[in-house]
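This report refers to the structure that appears directly beneath it.
The values are calculated or read from the model by the stated rules, or taken from the named source; none is laboratory data. The shown structure was predicted, so the numbers you read here are calculated from the model rather than taken from an experiment. Please note: Cβ atoms are built from the backbone with ideal geometry, for glycine as well, and neighbour counts cover all protein chains shown. These accessible areas exclude ligands, DNA and RNA; they are computed on the full protein's heavy atoms, side chains included. Shrake-Rupley method; radii C 1.70, N 1.55, O 1.52, S 1.80 Å.
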Amino acid sequence: MKRIYSTLLILICCLSSVDAQSLAKCIEIARANNMGVKVADLQVQRAKRMEGSYFELDRTELLLSQDPTSGGSPDNALTLSQMIDFPTVYGKRRKLLKAETLVEESRHQLTESELTRDVSVAYSQLLFWQHVEALLCGNDSVLGEFVRTADIRYKNGETNRLELMNAQQMKAENGIRLREAQDEKTAAAIQLQQLMNTSETVVATDGYLCVQPADDAWSFAATPQGQLLESEQVRSESELEYIRQGMMPSFNVGIRHQLVISGINPYNVDRSRFDKGNWMGFEVGVAFPLFYGSQKARKSAAKLDVDIARTRREQAERKSGSELLIAKNALERARRSYDYYQSDGFPAAKEMRRLSRIEYGAGEITYVEHVQNLSAALAVEMDNAKAIDALNQAIIKLNFINGK
(Lines give C-alpha, C1' and ligand atoms only; values in the text may rest on other atoms or scores of the structure.)
Protein backbone atom coordinates (compact mmCIF):
# COMPACT_ATOMS: atom_id res chain seq x y z
CA MET A 1 0.00 0.00 0.00
CA LYS A 2 2.86 2.36 0.77
CA ARG A 3 4.34 2.03 -2.73
CA ILE A 4 0.93 2.42 -4.38
CA TYR A 5 0.19 5.50 -2.30
CA SER A 6 3.57 7.07 -3.11
CA THR A 7 3.27 6.27 -6.82
CA LEU A 8 -0.16 7.87 -7.01
CA LEU A 9 1.13 10.98 -5.29
CA ILE A 10 4.00 11.23 -7.72
CA LEU A 11 1.64 10.97 -10.68
CA ILE A 12 -0.69 13.59 -9.21
CA CYS A 13 1.98 16.09 -8.19
CA CYS A 14 4.60 16.34 -10.84
CA LEU A 15 4.85 13.76 -13.58
CA SER A 16 4.55 14.75 -17.20
CA SER A 17 5.44 12.82 -20.35
CA VAL A 18 8.62 10.97 -19.31
CA ASP A 19 10.49 7.74 -19.82
CA ALA A 20 10.03 5.43 -16.81
CA GLN A 21 12.96 3.07 -16.34
CA SER A 22 14.31 0.52 -13.90
CA LEU A 23 17.87 0.77 -12.59
CA ALA A 24 18.94 -2.27 -14.64
CA LYS A 25 17.55 -0.66 -17.80
CA CYS A 26 19.26 2.65 -17.06
CA ILE A 27 22.61 0.87 -16.62
CA GLU A 28 22.08 -1.00 -19.88
CA ILE A 29 21.30 2.21 -21.78
CA ALA A 30 24.23 4.02 -20.18
CA ARG A 31 26.68 1.30 -21.18
CA ALA A 32 25.42 1.49 -24.74
CA ASN A 33 25.34 5.29 -25.05
CA ASN A 34 27.86 6.76 -22.60
CA MET A 35 30.66 8.61 -24.40
CA GLY A 36 33.29 7.57 -21.88
CA VAL A 37 32.54 3.89 -22.52
CA LYS A 38 32.62 4.50 -26.27
CA VAL A 39 36.06 6.13 -26.00
CA ALA A 40 37.31 3.19 -23.92
CA ASP A 41 35.96 0.77 -26.52
CA LEU A 42 37.72 2.65 -29.33
CA GLN A 43 40.98 2.51 -27.38
CA VAL A 44 40.61 -1.28 -27.11
CA GLN A 45 40.03 -1.54 -30.87
CA ARG A 46 43.06 0.67 -31.54
CA ALA A 47 45.27 -1.49 -29.30
CA LYS A 48 44.12 -4.66 -31.06
CA ARG A 49 44.92 -3.20 -34.46
CA MET A 50 48.35 -2.12 -33.25
CA GLU A 51 49.13 -5.79 -32.53
CA GLY A 52 49.55 -6.24 -36.27
CA SER A 53 52.52 -3.87 -36.26
CA TYR A 54 54.79 -6.17 -34.25
CA PHE A 55 56.64 -7.39 -37.38
CA GLU A 56 58.08 -4.06 -38.43
CA LEU A 57 61.06 -3.89 -40.80
CA ASP A 58 63.28 -0.93 -41.49
CA ARG A 59 62.93 0.71 -44.88
CA THR A 60 64.31 -1.28 -47.79
CA GLU A 61 67.26 0.50 -49.38
CA LEU A 62 67.64 0.64 -53.14
CA LEU A 63 71.01 1.97 -54.33
CA LEU A 64 72.17 2.70 -57.88
CA SER A 65 75.95 3.11 -58.26
CA GLN A 66 77.54 4.14 -61.54
CA ASP A 67 81.31 4.73 -61.79
CA PRO A 68 82.37 5.96 -65.28
CA THR A 69 86.01 5.06 -64.59
CA SER A 70 85.33 1.38 -63.90
CA GLY A 71 84.64 -1.49 -66.17
CA GLY A 72 81.94 -4.05 -65.53
CA SER A 73 82.84 -4.07 -61.83
CA PRO A 74 80.70 -4.11 -58.69
CA ASP A 75 80.92 -0.33 -58.69
CA ASN A 76 78.40 -0.35 -61.53
CA ALA A 77 75.45 -2.01 -59.84
CA LEU A 78 71.87 -1.86 -58.60
CA THR A 79 71.85 -2.88 -54.91
CA LEU A 80 68.85 -3.92 -52.84
CA SER A 81 69.43 -4.21 -49.06
CA GLN A 82 67.29 -4.84 -45.98
CA MET A 83 68.01 -4.58 -42.25
CA ILE A 84 66.35 -7.32 -40.13
CA ASP A 85 66.19 -7.48 -36.34
CA PHE A 86 67.03 -10.59 -34.39
CA PRO A 87 63.98 -12.94 -34.52
CA THR A 88 63.31 -12.78 -30.75
CA VAL A 89 62.81 -9.01 -31.01
CA TYR A 90 59.60 -9.50 -32.99
CA GLY A 91 58.27 -12.01 -30.48
CA LYS A 92 58.89 -9.68 -27.54
CA ARG A 93 57.35 -6.76 -29.42
CA ARG A 94 54.24 -8.82 -30.11
CA LYS A 95 54.00 -9.75 -26.44
CA LEU A 96 54.30 -6.08 -25.45
CA LEU A 97 51.53 -5.03 -27.85
CA LYS A 98 49.25 -7.78 -26.51
CA ALA A 99 49.96 -6.50 -23.00
CA GLU A 100 48.92 -3.01 -24.15
CA THR A 101 45.64 -4.47 -25.41
CA LEU A 102 45.08 -6.19 -22.07
CA VAL A 103 45.58 -2.86 -20.28
CA GLU A 104 43.00 -1.14 -22.50
CA GLU A 105 40.51 -3.99 -22.01
CA SER A 106 40.95 -3.76 -18.24
CA ARG A 107 40.54 0.01 -18.37
CA HIS A 108 37.35 -0.50 -20.38
CA GLN A 109 35.99 -2.80 -17.66
CA LEU A 110 36.86 -0.27 -14.97
CA THR A 111 35.13 2.49 -16.94
CA GLU A 112 31.97 0.36 -17.13
CA SER A 113 32.19 -0.41 -13.41
CA GLU A 114 32.54 3.28 -12.55
CA LEU A 115 29.64 4.10 -14.85
CA THR A 116 27.48 1.47 -13.14
CA ARG A 117 28.31 3.04 -9.79
CA ASP A 118 27.58 6.58 -10.99
CA VAL A 119 24.29 5.58 -12.61
CA SER A 120 23.25 3.73 -9.45
CA VAL A 121 24.07 6.77 -7.30
CA ALA A 122 22.15 9.11 -9.61
CA TYR A 123 19.22 6.69 -9.81
CA SER A 124 19.02 6.30 -6.03
CA GLN A 125 19.14 10.08 -5.65
CA LEU A 126 16.28 10.37 -8.10
CA LEU A 127 14.35 7.78 -6.10
CA PHE A 128 15.06 9.69 -2.89
CA TRP A 129 13.74 12.98 -4.21
CA GLN A 130 10.74 11.24 -5.76
CA HIS A 131 10.13 9.76 -2.31
CA VAL A 132 10.48 13.16 -0.60
CA GLU A 133 8.25 14.75 -3.20
CA ALA A 134 5.58 12.12 -2.61
CA LEU A 135 5.75 12.72 1.15
CA LEU A 136 5.45 16.47 0.74
CA CYS A 137 2.60 16.05 -1.74
CA GLY A 138 0.79 13.88 0.78
CA ASN A 139 1.54 16.37 3.54
CA ASP A 140 0.26 19.17 1.32
CA SER A 141 -3.03 17.35 1.00
CA VAL A 142 -3.28 16.90 4.78
CA LEU A 143 -2.41 20.55 5.40
CA GLY A 144 -4.99 21.61 2.84
CA GLU A 145 -7.57 19.73 4.85
CA PHE A 146 -6.20 21.37 8.00
CA VAL A 147 -6.62 24.83 6.43
CA ARG A 148 -10.20 24.06 5.40
CA THR A 149 -11.10 22.75 8.87
CA ALA A 150 -9.46 25.73 10.57
CA ASP A 151 -11.32 28.10 8.25
CA ILE A 152 -14.67 26.48 9.07
CA ARG A 153 -13.92 26.53 12.81
CA TYR A 154 -12.91 30.20 12.58
CA LYS A 155 -16.07 31.17 10.69
CA ASN A 156 -18.20 29.26 13.20
CA GLY A 157 -16.51 31.10 16.04
CA GLU A 158 -15.04 27.95 17.50
CA THR A 159 -11.47 29.26 17.40
CA ASN A 160 -9.55 32.44 16.75
CA ARG A 161 -7.88 33.63 13.55
CA LEU A 162 -4.43 32.59 14.78
CA GLU A 163 -5.23 28.92 14.19
CA LEU A 164 -6.18 29.62 10.56
CA MET A 165 -3.07 31.73 10.02
CA ASN A 166 -0.83 28.98 11.38
CA ALA A 167 -2.48 26.38 9.16
CA GLN A 168 -2.01 28.60 6.09
CA GLN A 169 1.60 29.26 7.07
CA MET A 170 2.34 25.56 7.43
CA LYS A 171 0.83 24.84 4.02
CA ALA A 172 2.86 27.66 2.41
CA GLU A 173 6.11 26.40 3.97
CA ASN A 174 5.34 22.88 2.82
CA GLY A 175 4.81 24.25 -0.69
CA ILE A 176 8.28 25.82 -0.61
CA ARG A 177 9.84 22.54 0.50
CA LEU A 178 7.90 20.73 -2.21
CA ARG A 179 9.24 23.02 -4.94
CA GLU A 180 12.78 22.59 -3.59
CA ALA A 181 12.36 18.81 -3.69
CA GLN A 182 11.08 19.05 -7.26
CA ASP A 183 14.14 21.10 -8.22
CA GLU A 184 16.45 18.52 -6.63
CA LYS A 185 14.57 15.74 -8.39
CA THR A 186 15.00 17.53 -11.71
CA ALA A 187 18.74 17.94 -11.06
CA ALA A 188 19.09 14.22 -10.27
CA ALA A 189 17.17 13.33 -13.42
CA ILE A 190 19.45 15.57 -15.52
CA GLN A 191 22.52 13.93 -13.99
CA LEU A 192 21.09 10.53 -14.86
CA GLN A 193 20.28 11.71 -18.40
CA GLN A 194 23.87 12.87 -18.85
CA LEU A 195 25.26 9.51 -17.77
CA MET A 196 22.82 7.68 -20.04
CA ASN A 197 23.47 10.16 -22.88
CA THR A 198 19.76 10.49 -23.57
CA SER A 199 17.41 13.45 -23.99
CA GLU A 200 14.43 11.67 -22.40
CA THR A 201 13.54 12.65 -18.86
CA VAL A 202 13.86 9.55 -16.69
CA VAL A 203 11.54 8.56 -13.86
CA ALA A 204 12.75 5.84 -11.50
CA THR A 205 10.29 2.97 -11.20
CA ASP A 206 12.14 0.60 -8.85
CA GLY A 207 11.25 0.26 -5.18
CA TYR A 208 12.91 2.76 -2.87
CA LEU A 209 15.53 0.17 -1.96
CA CYS A 210 16.83 -0.22 -5.51
CA VAL A 211 20.09 -2.20 -5.01
CA GLN A 212 21.15 -5.33 -3.18
CA PRO A 213 24.62 -6.16 -1.80
CA ALA A 214 26.75 -8.70 -3.64
CA ASP A 215 27.20 -11.99 -1.79
CA ASP A 216 30.46 -13.08 -3.46
CA ALA A 217 33.67 -13.20 -1.44
CA TRP A 218 35.95 -10.24 -2.06
CA SER A 219 39.01 -10.73 -4.25
CA PHE A 220 40.94 -7.65 -5.31
CA ALA A 221 42.44 -9.49 -8.29
CA ALA A 222 38.91 -10.15 -9.60
CA THR A 223 37.82 -6.50 -9.41
CA PRO A 224 38.18 -4.19 -12.44
CA GLN A 225 40.68 -2.04 -10.54
CA GLY A 226 42.73 -5.07 -9.58
CA GLN A 227 42.68 -6.40 -13.13
CA LEU A 228 43.81 -3.02 -14.49
CA LEU A 229 46.75 -2.77 -12.09
CA GLU A 230 47.68 -6.40 -12.76
CA SER A 231 47.64 -5.78 -16.52
CA GLU A 232 49.77 -2.64 -16.07
CA GLN A 233 52.32 -4.72 -14.17
CA VAL A 234 52.34 -7.31 -16.96
CA ARG A 235 52.86 -4.53 -19.48
CA SER A 236 55.82 -3.18 -17.52
CA GLU A 237 57.39 -6.64 -17.39
CA SER A 238 56.83 -7.11 -21.14
CA GLU A 239 58.38 -3.74 -21.84
CA LEU A 240 61.45 -4.70 -19.80
CA GLU A 241 61.82 -7.90 -21.81
CA TYR A 242 61.49 -5.94 -25.05
CA ILE A 243 64.11 -3.36 -24.00
CA ARG A 244 66.53 -6.18 -23.18
CA GLN A 245 66.37 -7.17 -26.83
CA GLY A 246 68.25 -3.98 -27.67
CA MET A 247 71.47 -5.87 -27.02
CA MET A 248 70.67 -8.46 -29.68
CA PRO A 249 72.37 -8.13 -33.10
CA SER A 250 70.57 -7.25 -36.29
CA PHE A 251 71.23 -8.53 -39.80
CA ASN A 252 71.69 -6.80 -43.11
CA VAL A 253 70.97 -8.75 -46.31
CA GLY A 254 71.70 -7.28 -49.74
CA ILE A 255 71.60 -8.32 -53.38
CA ARG A 256 73.84 -6.55 -55.89
CA HIS A 257 72.93 -6.63 -59.58
CA GLN A 258 75.56 -5.58 -62.16
CA LEU A 259 74.32 -2.62 -64.12
CA VAL A 260 76.14 -0.51 -66.71
CA ILE A 261 74.61 2.58 -68.25
CA SER A 262 76.21 2.70 -71.66
CA GLY A 263 75.46 6.37 -72.20
CA ILE A 264 77.65 7.39 -69.29
CA ASN A 265 81.27 6.61 -70.28
CA PRO A 266 83.24 9.88 -70.71
CA TYR A 267 86.60 8.06 -70.58
CA ASN A 268 85.75 5.35 -73.12
CA VAL A 269 86.52 2.55 -70.66
CA ASP A 270 85.73 -0.97 -71.71
CA ARG A 271 82.81 -1.88 -69.46
CA SER A 272 81.64 -5.08 -71.05
CA ARG A 273 79.38 -7.10 -68.84
CA PHE A 274 80.25 -10.58 -67.79
CA ASP A 275 79.14 -13.16 -70.28
CA LYS A 276 77.93 -15.65 -67.66
CA GLY A 277 75.20 -13.91 -65.73
CA ASN A 278 74.07 -10.38 -65.10
CA TRP A 279 74.31 -10.32 -61.29
CA MET A 280 77.41 -10.09 -59.26
CA GLY A 281 76.30 -11.60 -55.92
CA PHE A 282 75.00 -10.76 -52.46
CA GLU A 283 76.11 -9.42 -49.12
CA VAL A 284 75.21 -10.33 -45.54
CA GLY A 285 76.19 -8.29 -42.53
CA VAL A 286 75.67 -8.26 -38.77
CA ALA A 287 75.18 -5.10 -36.68
CA PHE A 288 75.68 -5.14 -32.93
CA PRO A 289 75.94 -2.38 -30.30
CA LEU A 290 79.41 -1.36 -29.23
CA PHE A 291 78.21 1.45 -26.96
CA TYR A 292 75.40 0.36 -24.67
CA GLY A 293 75.32 3.04 -21.96
CA SER A 294 71.95 4.43 -23.08
CA GLN A 295 70.58 0.89 -23.47
CA LYS A 296 71.67 0.06 -19.94
CA ALA A 297 69.95 3.20 -18.64
CA ARG A 298 66.68 2.31 -20.42
CA LYS A 299 66.80 -1.21 -18.99
CA SER A 300 67.40 0.13 -15.49
CA ALA A 301 64.45 2.54 -15.85
CA ALA A 302 62.24 -0.29 -17.13
CA LYS A 303 63.10 -2.37 -14.05
CA LEU A 304 62.01 0.53 -11.87
CA ASP A 305 58.75 0.73 -13.83
CA VAL A 306 58.09 -2.92 -12.96
CA ASP A 307 58.75 -2.21 -9.27
CA ILE A 308 56.49 0.86 -9.42
CA ALA A 309 53.65 -1.12 -11.01
CA ARG A 310 54.00 -3.92 -8.45
CA THR A 311 54.10 -1.47 -5.52
CA ARG A 312 51.14 0.46 -6.86
CA ARG A 313 49.11 -2.72 -7.12
CA GLU A 314 49.98 -3.80 -3.57
CA GLN A 315 49.14 -0.35 -2.24
CA ALA A 316 45.78 -0.33 -4.04
CA GLU A 317 44.95 -3.80 -2.72
CA ARG A 318 45.61 -2.78 0.88
CA LYS A 319 43.64 0.43 0.47
CA SER A 320 40.74 -1.43 -1.13
CA GLY A 321 40.75 -3.95 1.73
CA SER A 322 40.50 -1.13 4.29
CA GLU A 323 37.74 0.57 2.29
CA LEU A 324 35.88 -2.74 2.20
CA LEU A 325 35.86 -3.02 6.00
CA ILE A 326 34.69 0.59 6.34
CA ALA A 327 31.97 0.04 3.74
CA LYS A 328 30.74 -3.09 5.52
CA ASN A 329 30.49 -1.21 8.82
CA ALA A 330 28.65 1.64 7.11
CA LEU A 331 26.28 -0.88 5.56
CA GLU A 332 25.52 -2.43 8.95
CA ARG A 333 24.73 0.97 10.46
CA ALA A 334 22.53 1.91 7.53
CA ARG A 335 20.78 -1.46 7.71
CA ARG A 336 19.97 -1.04 11.43
CA SER A 337 18.53 2.42 10.82
CA TYR A 338 16.52 1.18 7.85
CA ASP A 339 15.13 -1.78 9.79
CA TYR A 340 14.02 0.48 12.65
CA TYR A 341 12.10 2.86 10.42
CA GLN A 342 10.51 0.05 8.44
CA SER A 343 9.36 -1.89 11.50
CA ASP A 344 8.58 0.90 13.97
CA GLY A 345 9.24 4.47 12.88
CA PHE A 346 7.39 4.74 9.59
CA PRO A 347 4.24 2.79 10.64
CA ALA A 348 4.05 4.85 13.84
CA ALA A 349 4.29 8.11 11.86
CA LYS A 350 1.46 7.05 9.55
CA GLU A 351 -0.71 6.11 12.51
CA MET A 352 0.14 9.38 14.27
CA ARG A 353 -0.91 11.37 11.22
CA ARG A 354 -4.16 9.40 10.86
CA LEU A 355 -5.21 9.69 14.51
CA SER A 356 -4.30 13.37 14.68
CA ARG A 357 -6.51 14.18 11.70
CA ILE A 358 -9.43 12.26 13.20
CA GLU A 359 -9.09 13.71 16.70
CA TYR A 360 -8.58 17.27 15.47
CA GLY A 361 -11.62 17.00 13.22
CA ALA A 362 -13.63 15.73 16.21
CA GLY A 363 -12.35 18.58 18.37
CA GLU A 364 -10.60 16.25 20.80
CA ILE A 365 -7.20 17.94 20.44
CA THR A 366 -6.20 21.56 19.91
CA TYR A 367 -4.67 22.89 16.70
CA VAL A 368 -1.36 23.23 18.53
CA GLU A 369 -1.33 19.53 19.26
CA HIS A 370 -2.42 18.78 15.71
CA VAL A 371 0.40 20.89 14.27
CA GLN A 372 2.91 19.17 16.52
CA ASN A 373 1.65 15.75 15.49
CA LEU A 374 1.80 16.57 11.79
CA SER A 375 5.32 18.00 12.07
CA ALA A 376 6.52 15.00 14.08
CA ALA A 377 5.01 12.53 11.61
CA LEU A 378 6.56 14.29 8.62
CA ALA A 379 9.96 14.41 10.34
CA VAL A 380 9.87 10.66 10.91
CA GLU A 381 8.80 10.02 7.31
CA MET A 382 11.64 12.21 6.03
CA ASP A 383 14.11 10.41 8.27
CA ASN A 384 12.82 7.13 6.86
CA ALA A 385 13.49 8.39 3.32
CA LYS A 386 17.01 9.41 4.36
CA ALA A 387 17.60 5.99 5.94
CA ILE A 388 16.58 4.27 2.70
CA ASP A 389 18.87 6.54 0.69
CA ALA A 390 21.78 5.95 3.10
CA LEU A 391 21.30 2.19 2.74
CA ASN A 392 21.26 2.49 -1.06
CA GLN A 393 24.46 4.54 -1.03
CA ALA A 394 26.20 2.11 1.33
CA ILE A 395 25.28 -0.88 -0.86
CA ILE A 396 26.39 0.91 -4.04
CA LYS A 397 29.78 1.73 -2.52
CA LEU A 398 30.25 -1.80 -1.21
CA ASN A 399 29.31 -3.31 -4.57
CA PHE A 400 31.78 -1.04 -6.37
CA ILE A 401 34.61 -2.07 -4.06
CA ASN A 402 33.65 -5.70 -4.73
CA GLY A 403 33.76 -4.99 -8.46
CA LYS A 404 30.04 -5.63 -8.95
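For Lys350, a cut-off of 18 angstrom between C-alpha atoms picks up these aspartates and glutamates, skipping any fewer than 8 places away in its own chain: Glu133, Asp140, Glu145, Asp339, Glu359, Glu369, Glu381, Asp383. Each residue of segment 238-243 is assigned a 3J(HN,Hα), and the resulting list reads 5, 5, 4, 4, 5, 5 Hz, derived from the Karplus form 6.51 cos²θ - 1.76 cosθ + 1.60 (θ = phi - 60°), x at Gly and Pro. Put simply, segment 145-189 fits an ellipsoid with semi-axes of 32, 8, 4 Å; these come from the alpha carbon gyration tensor as the roots of five times its eigenvalues, largest first. Each residue of segment 390-397 was assigned a 3J(HN,Hα) from its phi angle through the Karplus curve 6.51 cos²θ - 1.76 cosθ + 1.60 (θ = phi - 60°); the sequence is 4, 5, 4, 5, 5, 5, 4, 5 Hz, with glycine and proline shown as x.
Each DSSP beta bridge with both residues in the chain is either parallel or antiparallel, and the antiparallel ones are about 90%. Peptide packing for 113-124, 356-367 was compared via the average number of neighbouring C-beta atoms within 10 Å per residue; ordered from the highest value, the list is 113-124, 356-367.
Just need the relative contact order of the chain here, percent rounded to a whole number, with Cα pairs under 8 Å and 6+ apart.
Reported relative contact order: 25 percent.
Relative contact order of segment 130-180: what whole-number percent is it, with Cα pairs under 8 angstrom and at least 6 residues apart? Walk me through the numbers on the way to the answer.
Values: 29 pairs, mean separation 23.9, N = 51.
Computed over segment 130-180, the figure is 47 percent.
Think of it as helices only: each DSSP H run of n ≥ 4 in the chain is worth -39500 (n - 2.57), and spread over all residues that comes to -23500 deg cm²/dmol at 222 nm. Under a 5 Å amide H cut-off, with hydrogens placed 1.01 Å from N, Val203 pairs with Asp19, Ala20, Gln21 among residues at least 5 apart or on other chains.
Modelled this way, with points 7 Å down the Cα-to-C-beta line, the labels at Ile326 and Ser294 are 4.7 nm from one another. Charges on Cβ only, +1 for Lys and Arg, -1 for Asp and Glu, centred on the Cα centroid of segment 97-237; of Asn166, Gln130, Gln109, which one is farthest towards the dipole's positive end? Final value for the positive-end residue is Asn166. Only one of (i) 227; (ii) 240; (iii) 119 was calculated from the structure for volume of the Cα convex hull per residue in Å³, and its label is (i). Bridging of Lys38 to lysines at a Cα separation below 19 Å is possible for Lys25, Lys48, once same-chain residues fewer than 8 apart are set aside.
Taking all protein chains into account, the per residue accessible area for segment 315-386 stands at 59 Å² (1.4 Å probe).
Could you give the size of the charge dipole of the chain about its Cα centre, using +1 on the Cβ of each K and R and -1 on the Cβ of each D and E, expressed in debye and rounded to the nearest 20? The partial results should precede the final answer.
Numbers: 50 positive and 53 negative charges, 134 e Å.
That gives the chain a dipole magnitude of about 640 debye.
Plainly put, segment 101-154 has a radius of gyration that is 1.57 times its Kirkwood radius, both from alpha-carbon atoms, as the Rg/Rh ratio. For the listed peptides 181-188, 97-104, a ranking on the average number of other beta carbons within 10 Å per residue, highest first, reads 97-104, 181-188. Once the convex hull of all Cα atoms in segment 199-271 is built, its volume per residue stands at 332 Å³.
So for each of 229-239, 142-152 I average, over its residues, the number of other beta carbons within 10 Å; can you give me the resulting order with the highest mean first? Please report the intermediate quantities before stating the final value.
On the way: 229-239: 21.4, 142-152: 18.0.
Answer by packing, highest mean first, reads 229-239, 142-152.
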